[in-house]
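One structure is given here, and the rest of the page talks about it.
Only the coordinates and a few stated rules stand behind these numbers; no lab work does. Every value quoted in this text rests on a predicted model; they were computed, and no experiment measured them. Please note: Cβ atoms are built from the backbone with ideal geometry, for glycine as well, and neighbour counts cover all protein chains shown.
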């Protein structure tokens, strides 16, 4: 069987799945509304309802496991409440204690740096609060692990709650010019992730 792989620019307000059994989720939007994916396509990792950006989908479980592993970096561009300080960025780099499913958890050391506005344009679906409520700033956070809502918990822990979260990069695959809601089928996923 020849496997198929897709890059998706997931919009805000979409769930990283195709169907639901839960009655309360029936009002949500699903990835299948964006494209006619091959049968047995799965999302590699997830982005929650409130998050946007790069999502990789595949029909190959082995590829999915590799990309979800700690071998592959995931970089997020995060708009936070307030002007993030160098002290907060340093704390993010060294690891902070967050609450995980299994209890208190200290995040692994990661890469973090302040960013100028990456120019994504306004968020579609729900506006991020405006400057009348105080300044915002952007930070890049690159992790190799993926606890539930980890990046949001990390920025909150250092005193700068997340207002907008966009996954920009997985391995060597970047969001680039992929437009909001666009799906691009790719041939050799491992080659482009690992290069």
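Per the Debye formula on identical point scatterers at the alpha carbon atoms of the range 74-170, with no solvent, log10 I(q)/I(0) at q = 0.23, 0.24 Å⁻¹ is -1.24, -1.33. Between residue 71 and residue 111, the contour length at 0.36 nm per residue exceeds the alpha carbon distance by 13.0 nm.
The helix-based estimate of mean residue ellipticity at 222 nm for the chain, built from -39,500 (n - 2.57) per DSSP H run of four or more residues and divided by its residue count, is -4000 deg cm²/dmol to the nearest 500. In the range 52-85, which residues have a backbone nitrogen under 12 Å from the label point lying 7 Å from residue 194's Cα in the Cα-to-Cβ direction? Hits in the range 52-85 for residue 194 at 12 Å: 63, 66-67, 72. Extending 7 Å from the Cα toward the beta-carbon at both residue 187 and residue 102 defines two label points whose distance is 4.1 nm. Over the Cα atoms of the chain, each weighted equally, I'd like the Debye log10 I(q)/I(0) at q = 0.10, 0.11, 0.19 Å⁻¹, rounded to two decimals. For the chain at q = 0.10, 0.11, 0.19 Å⁻¹, log10 I(q)/I(0) is -0.42, -0.51, -1.43.
Our summary gives the range 1-95 a relative contact order of 31 percent, counting only alpha carbon pairs under 8 angstrom and 6 or more residues apart. Considering only alpha-carbon pairs that sit under 8 angstrom and 6 or more positions apart, the relative contact order computed for the range 96-172 is 35 percent. With the convex hull drawn around the C-alpha atoms of the range 15-110, the volume per residue stands at 157 Å³.
Sorting 123, 167, 46 on the 10 Å Cβ count, fewest up front, what's the list?
Values: 123 18, 167 22, 46 15.
Starting with the residue having the fewest Cβ neighbours, the order is 46, 123, 167.
For the chain, what relative contact order do you get, as a whole percent, if you take Cα pairs closer than 8 Å and at least 6 residues apart? Can you show the working numbers first?
Values: 379 pairs, mean separation 60.9, N = 195.
Over the chain, the number comes to 31 percent.
Placing one equal scatterer on every Cα of the range 99-150 and applying the Debye formula, the log10 ratio I(q)/I(0) at q = 0.19 Å⁻¹ is -0.91.
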